[in-house]
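Structure record follows, encoded as structure tokens.
What follows draws every value from the coordinates through simple rules; no lab data is involved. Note that the structure is a prediction, hence the values are computed from the model and not measured. Every residue, glycine as well, gets a Cβ built from its backbone with ideal geometry; the counts of neighbours run over all protein chains shown.
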Amino acid sequence: MKLDWVDKLSKVVEVKGGISSGDVNTKVEVYPATYEEFAEVVRLCAEEKLKAYVHGFNAHHIGKNVFADVGISTLRLNKVIEISEEDLYVKVQAGASFRELKEELKAHSLTVPFNYGGSVGGFASTNLPSVFTSLGYPKDWLLGAIVVTGLGEVVKSGSTTTKFSSGYKIWKVLSGSLGWLGAYAELNVRLLPYFEYHFEEVKDHERAFKDRALGVIGVKVGGEVKKFAVKKGDGEKLEIPEVFDFSILTIRGKEFEEIEGVNADFCVAYYGLGIVRCLGGTPPKGKKLVKERGCEGDCFNANYTSLKLLKKSLDPEGVFFDVI
């Protein structure tokens with residue numbers, strides 16, 4: 001069957017065949033090279049009642065399996081626009097590789113204090129925890145962004161400083177929404193001077209945190225939990241997976257109590273961030289869970305009125321695929 005909307009898309013943007021990766025399935029893939037092309041694709045999707053899924057390298061999908069008409073790849077939007085050594089920020093497009101960005105920043109003796117294997121847009125939209133638990137979540141390091149809404153509007157929000165206080169902080173709202181509310185096209189990210197780090201096993205995780213470690217984590221393998229402080233300076237590193245099967249959300253400071261009772265192959269407790277992420281095993285009952293992979297629906301227990309209001313405001317036609 002001929003898909004007339006594909007012809008319309010091809011007049012706006014580069015179009016290729018869809019992808020089928022298990023987690024993510026699309027009929028076609030498009031590759032906008034400008035913010036205007038990005039917005040035009042979204043407007044066309046709204047007009048044609050198409051579902052769109054925005055992604056970078058498609059390496060860290062979280063949530064419901066995707067079956068979308070249009071996959072919008074950000075990989076053509078991959079430029080590092082500005083690095084400010086004086087004001088400690090980077091302005092970068094969403095499709096840039098996060099690892100390559102960190103390498104470029106290292107040449108300037110700067111860093112974003114997170115580890116992530118996908119795109120910069122994925123780093124922001126997934127808002128995943130880091131071993132540097134004392135430094136918060138990615139959303140805490142976002143200063144501003146250019147975003148594309150479900151209406152096909154290009155909206156600039158925020159600034160390049162932490163003193164921004166007026167207006168609607170749409171760049172913060174999108175962080176953690178996995179592209180369901182809108183899509184990042186460009187981001188302003190706060191930086192730190194570059195540092196090496198290592199892991200030291202500890203007995204008293206609370207003391208390690210109070211002593212201002214960069215982070216404190218618990219690692220559970222084969223039923224045994226070991227606690228580690230992340231400290232500045234070169235030394236031993238731990239290999240932490242980038243993809244997990246489920247997460248347990250808990251009260252901040254209670255992460256080690258949660259990890260003890262989990263039946264899983266491998267778990268990491270991020271002390272102070274209120275989350276434990278696990279691979280394999282069985283998700284515990286009676287807990288607030290995030291089903292990160294292989295989920296068919298209600299993956300986040302996030303049927304909140306505030307989310308529905310935001311969706312209605314930013315994407316009233318429901319263009320962006322619901323992964324939640």
Would you mind checking which residues have amide H under 5 Å from V66's amide H? H placed 1.01 Å from N; only 5 or more apart, or other chain. V24, N25
Distribution of pairwise C-alpha distances over the range 197-291, 10 Å bins, in %: 17, 51, 28, 4, 0
Under 5 Å between amide hydrogens, which residues at least 5 positions from F320 or on another chain qualify, with H placed 1.01 Å from N in the peptide plane? A52
Taking R0 as 35 Å, what FRET efficiency do you get between A33 and T282 from their Cβ-Cβ distance, rounded to the nearest 0.05? 0.20
How do 234-247, 15-28, 309-322 rank on mean C-beta neighbours within 10 Å, highest first? 309-322, 15-28, 234-247
Output needed: percent of Cα pairs per 10 Å distance bin for the chain, bins running from 0 to the one holding the longest distance. 6, 25, 33, 25, 10, 2, 0
What does the charge count near F246 come to, summing +1 for each Lys or Arg and -1 for each Asp or Glu among other residues with Cβ under 9 Å from its Cβ? +1
Which pairs in the list K106/K232; K156/K291; K91/K139 are over 25 Å apart, alpha-carbon to alpha-carbon? K156/K291
Pull up the cross-link candidates among the lysines for K27, meaning alpha carbon to alpha carbon under 18 Å and not fewer than 8 places away within one chain. K2, K8, K11, K16, K49, K51, K64
Result for the chain, cysteines with no Cys Cβ partner under 4.7 Å, is C45
Ranking K220, K203 by Cβ neighbours within 10 Å, fewest first, what do you get? K203, K220
Estimated inter-spin distance, E296 and D322, nm [label 7 Å along Cα→Cβ]: 1.7 nm
Which ³J(HN,Hα) values, rounded to whole Hz and listed in residue order, are derived for the range 120-126 from phi using the Karplus coefficients 6.51, -1.76 and 1.60 in 6.51 cos²θ - 1.76 cosθ + 1.60 with θ = phi - 60°, glycine and proline given as x? 5, x, x, 4, 6, 6, 7
Under the definition of Cα pairs under 8 Å and six or more residues apart, what whole-number percent is the relative contact order of the chain? 18 percent
